[in-house]
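Contents: one structure, followed by commentary.
The numbers here are math on the coordinates, done by the rules we state, and not lab data. Note that the structure is predicted; figures quoted are calculated from it, not measured. Virtual Cβ from ideal backbone geometry, glycine too; neighbours counted across all protein chains shown.
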Amino acid sequence: MSDSYLRLRNIVKSYDGISNAVDDISIDIAKGEFITFLGPSGSGKTTTLMMIAGFEDPTRGTIDLDGKDLTAQKPYQRNIGMVFQNYALFPHMTVAKNVAFPLRMRGAPRADIGRRVAEALELVGLSRFSERHPRELSGGQQQRVALARGLVFRPDVLLLDEPLGALDKNLREQMQVELKRIHREVGITMVYVTHDQTEAMTMSDRVAVFNHGRLEQVAPPLEVYGRPLTRFVGEFIGDSNFLQGRIEAGANGKLSIDGIGPVCEASKLGAGAPAGPVHVLIRPERLRLIGTEPRPDLVATVQMRVEGTVNYGDSLLVMGQSGRIPLRVRIAGMESGDVREGGTISVGWRADDMHLIAGS
Amino acid sequence: MAGVVTAAPATATGPAAVPQGPGAGAVPWLLLMPATAALVLLFVLPIGYVLLLSFTDPQVSLAHYQRIFAVPLYTRILFNTFATSLTVTVICLLLAYPLAYVISRRNDWISLTLLICVAVCFWTGFIVRTYAWLVILGNKGPVAAVWQGLGFGAPPQLLFTSFASTLGMTHILLPYMVLALYSVMKKIDPNLLRAAASLGARPNAAFRAVFLPLSLPGVVNGSILVFTICLGFFVTPILLGTPKDMMISQLVNQQIEELLAWGFASAIAVVLLVATSIVLAIYNRFVGLDRLWG
Ligand SMILES: Nc1ncnc2c1ncn2[C@@H]1O[C@H](COP(=O)(O)OP(=O)(O)O)[C@@H](O)[C@H]1O
Ligand SMILES: [Mg+2]
């Protein structure tokens, strides 16, 4: 992913001249990549997208596409497609007219338009609906029309702003699969905005995590999940236990966790664990339920009082306290035999179940 | 007319909203009674009486109607009324469209100020505004003063011309047109224009292909409103205009006040009513009367 196609350099956007909606963002997006902007509402994702599309001007910074500076180009000169959350289909035009719109605007020959509209509708499986009006279609179908319209003119980049946000859960999952298939088939660079971490995890080549207008991390989904760079990323993506600890100075400095005590030597935790206070991230599924047999592989074991459980069928989420530390444990279905609310269980973890983030 | 329009949904939704017990069906009708009584007393009876007069005063005949369409003076007044209404409608539309566009597309103090101006105009009585024109266009008014100040000699006759009357009616009806357009334009999703731009449409093309068609309902609504109000306009043309270019309601007034010709005046009023109804019927056929107020 080092070769860069769409390149944002030190982008700052302030609407009011006081606070920055987007605060110094730099990112390189590769050709053909499916990248997701993930972050809570108000973190600057849409604003960033609007600047790429050209609807907002960056207060500072530059945007390049394929080596050319985009900043001075108007939206209609950019050849960047956009799919809006509310679809933004033209209500007075049929599906076919909607999809033909970008081709008409580019003065494509009539015969060409007909063929390419048919192809695009075929791609999203809506060939039969070409003469309908948008209001005669379901939400999912409208979304497909928007997709076909955004793809038909072969834009350099397709921007999608929470395109599945208005759909119900089943349809959303179906459209996620569909969208990935379309991405594979047309191979176009897609920038996808969502606040739904599952969506980001399942669809993306890389995830860019936004928080307060800043980029916290840009990495493939598994890396963002397993090795978050900041506590925010660790908490925002997936379920998490964060413990506070510190690493003592020196070559064999020990990691000790507040309320638990010394755990293991820092050298076991891989290189680069700095001395000082650290956040210790342990994912709920990495906390192991212990029986009576000895477990020398574990670096720590704690007693935990069970306060509540949620049964997901395939797994059981156990919530409770160990001393003053709240813990969440996810146990695979068959192992969950003697877990009951009000009871006590022992859980432990191995050195490589922990991920350390410097800071307090 | 407004009473009829608002009463219709009440009958449609009333029964559904009331529990269907014994005798419950009577309640909606009871609720409708005051409105119905008012409509009958103030609207149906007087119009029925006018209709009756037009055929029976002073004796039973169709003579009044024959006279309206046979005497060139009267057909000219009819024609003039329609032509003036059309002119006022078109000028209103041309002035109001850009104004409503700016008010609906911007979201700042400019659009707010403009909207307040339009609303204040809307709420200021039209008699007041008509008298304002009397002052402005009068012999001692500012227009005449500027004219003379610039050394053009004696000011032209502005007041009591069809120009003044058209100007006044346009001014009075402009807010109706602006608000009718605004209410439709405000509902046009700004993302549609962004989508158009991202799809390669220059601003002009986006306006023509997307904004204009979607604003057409407002154009139709505003035009119908202005046109039908204009057809029956009375005070403004009589104060600012000239008897030479009479509007139809002035003719009604003249027949009654000066000639006490109740029957003939009633026939003219009926013709005006029928003409207005035809315009509204056409509108209803293609758009639906219930959408006239946005
Ligand atoms: N047009 C605008 N004018 C002023 N402030 C805005 C505008 N659009 C967004 N903002 C502000 O910028 C910040 C980022 O918003 P946005 O980019 O929409 O976030 P996201 O898409 O991640 O939810 C928010 O604080 C929001 O209130
Ligand atoms: Mg957003």
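Our note on the geometry: Cα centres of segment B:174-219 and segment A:134-155, 21 Å apart.
Its DSSP H runs of at least 4 residues, each contributing -39,500 (n - 2.57), put the calculated 222 nm mean residue ellipticity of the protein assembly as shown at -14500 deg cm²/dmol, to the nearest 500. Placing +1 on each Lys and Arg Cβ and -1 on each Asp and Glu Cβ, with no other charges, gives segment A:6-231 a dipole about its Cα centre of roughly 620 debye. Of the residues A:Gln174, A:Met201, A:Met354, the one whose Cα sits farthest towards the positive end of the charge dipole of chain A is A:Gln174 (charges of +1 on Lys and Arg Cβ, -1 on Asp and Glu Cβ, taken about the Cα centre). Pairs of Cα atoms nearer than 8 Å and 6+ residues apart set the relative contact order; for chain B it is 26 percent. Residues considered: B:Thr113, B:Thr81, B:Thr276. Largest GNM mean-square fluctuation over chain B, using C-alpha springs under 10 Å, is found at B:Thr113. Straight-line cross-link reach from A:Lys254 at under 18 Å between alpha-carbon atoms covers these lysines, not counting any fewer than eight positions away in the same chain: A:Lys268.
Taken about its Cα centre, segment B:51-291 carries a charge dipole of about 780 debye when Lys and Arg each add +1 at the Cβ and Asp and Glu each add -1 at the Cβ.
Each of B:Ile256, A:Ile113, A:Ile29 was scored by other Cβ atoms within 10 Å of its Cβ. Arranged with the fewest first, they read B:Ile256, A:Ile113, A:Ile29. Taking other residues whose beta carbon is less than 12 angstrom from the beta carbon of B:Leu114, and scoring Lys, Arg as +1 and Asp, Glu as -1, yields +1. Each Cα pair under 8 Å and six or more residues apart adds its sequence gap; the mean of these over the residue count of segment A:239-358 is a relative contact order of 30 percent. Each Lys and Arg Cβ is given +1 and each Asp and Glu Cβ -1; about its Cα centre, segment A:284-352 then shows a dipole of about 240 debye. Residues A:Glu178, A:Glu223, ranked from the fewest to the most other C-beta atoms within 10 Å, line up as A:Glu223, A:Glu178. Please report, to two decimal places, log10 I(q)/I(0) for the protein assembly as shown at q = 0.08, 0.09, 0.10 Å⁻¹ as given by the Debye formula with identical point scatterers on the Cα atoms and no solvent. Listed by q, the Debye log ratios stand at -0.86, -0.96, -1.06.
In this structure, the pairs whose alpha-carbon distance is over 27 Å, taken from A:Lys45/A:Lys180; A:Lys97/A:Lys180; A:Lys31/A:Lys97, are A:Lys31/A:Lys97. Using only Cα atoms, tell me the angle between helix A:139-151 and the longest principal axis of chain A; keep it within 0 to 90° and round to the nearest 10. Its long axis makes an angle of about 70 degrees.
Long hydrophobic helices in chain B, taken as whole DSSP H segments with a C-alpha length of 18 Å or more on their own axis and mean Kyte-Doolittle hydropathy at least 0.0: B:2-17, B:26-39, B:72-105, B:109-123, B:162-185, B:212-231, B:262-286. Panel order for B:Thr84, A:Thr309, by other beta carbons found within 10 Å of each beta carbon, from fewest to most: A:Thr309, B:Thr84.
Across chain A, the mean sequence separation of Cα contacts (distance under 8 Å, 6 or more residues apart), normalised by length, yields a relative contact order of 15 percent.
Select from B:Thr113, B:Thr276, B:Leu239 the residue farthest towards the positive end of the dipole of the protein assembly as shown; place +1 on Cβ of Lys and Arg, -1 on Cβ of Asp and Glu, and compute about the Cα centre. The residue sitting farthest along the positive end of the dipole is B:Leu239. Note down the net charge around A:Thr301, summing +1 for each Lys or Arg and -1 for each Asp or Glu among other residues with Cβ under 13 Å from its Cβ. It works out to a net charge of 0.
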